[in-house]
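The values are calculated or read from the model by the stated rules, or taken from the named source; none is laboratory data. The structure presented is a predicted model; accordingly, all values stated were derived computationally and were not measured. Quick reminder, even Gly has a Cβ in these numbers, built from the backbone with ideal geometry, and neighbours come from all protein chains shown.
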Amino acid sequence: MELSGISDADARADELLAQVGLAERGHHYPSQLSGGEQQRVAVARAFGPKPLLLFADEPTGNLDSESGARVLEMLLGLRDELGTALVLVTHDLDIAKSAPRAIYLRSGKIEREEVR
């Protein structure tokens, strides 16, 4: 965020780490964090510059179900808070079914679309 010119980058980083439940882990190296914690840091970093649009490719793919649910909850919460459009790619049908709009692909082609 500092490289992007965000003036309050340190405060913003602290705020985002607190929002993803990692306020006390801000000075740890990635190797000192669990996979779920690393993914939560990735969520915080992605929302740092307050994007209008965010692409998330398999954000829960390498996580156990509990950690995955927590990461998804954080993604959706920050999306709602910041008004960010979120495009989420997943192989998890439960996640896809919970989305307001889902586009299903097979072999690179649109198979069907569902709008809820």
Subject >> Filter result for Met74 (touching a helix residue (DSSP H, G or I) at 6+ places or on another chain (Cβ under 6 Å) and surrounded by fewer than 18 Cβ atoms within 10 Å (Cβ to Cβ)) >> reply: no
**OP:** Check off (1) touching a His at 6+ places or on another chain (Cβ under 8 Å); (2) under 19 Å from Glu2 (Cα atoms) for Glu58 and give me the number that stays unchecked.
**Re:** (2)
Subject >> Residue among Leu63, Leu76 that is on the phi < 0 side of the Ramachandran plot and at pLDDT 90 or above >> reply: Leu76
Original post:
Which of the residues that make up the range 87-105 are surrounded by 15 or more Cβ atoms within 10 Å (Cβ to Cβ) and closer than 15 Å to Ser65 by Cβ?
Top reply: Thr90, Asp92, Ile95
Original post:
Condition test on Lys109, is it over 12 Å from the mean Cα position of the chain (by Cα) and modelled with pLDDT of 95 or more?
Top reply: yes
Subject >> Yes/no for Gly36 being in contact (Cβ under 8 Å) with a residue 24 or more places away in the chain and in contact with a Ser or Thr (Cβ under 6 Å, 6 or more places away or on another chain) >> reply: yes
Subject >> Which listed residue is closer than 30 Å to Gly108 by Cβ, touching a Pro at 6+ places or on another chain (Cβ under 9 Å) and surrounded by 12 or more Cβ atoms within 10 Å (Cβ to Cβ), from Thr84, Thr60 >> reply: Thr84
Subject >> Residues of the range 63-116 satisfying the condition of being in contact with a Lys or Arg (Cβ under 8 Å, 6 or more places away or on another chain) and under 22 Å from Gln38 (Cα atoms) >> reply: Arg70, Val71, Met74, Leu82, Thr84, Leu86
**OP:** Being outside any helix (DSSP H, G or I) and surrounded by 15 or more Cβ atoms within 10 Å (Cβ to Cβ) is the filter; apply it to the range 1-20 and report the residue that is nearest to the chain's Cα centre (by Cα).
**Re:** Val20
Subject >> Where Ala44 falls short, out of the listed (1) crowded, with 17+ Cβ neighbours inside 10 Å; (2) more than 15 Å from Leu17 (Cα to Cα) >> reply: (2)
**OP:** Kindly indicate whether Leu17 is closer than 22 Å to Ser4 by Cα, at pLDDT 90 or above, of a type in the set (A, V, I, L, M, F, W, C) and touching a strand residue (DSSP E or B) at 6+ places or on another chain (Cβ under 9 Å).
**Re:** no
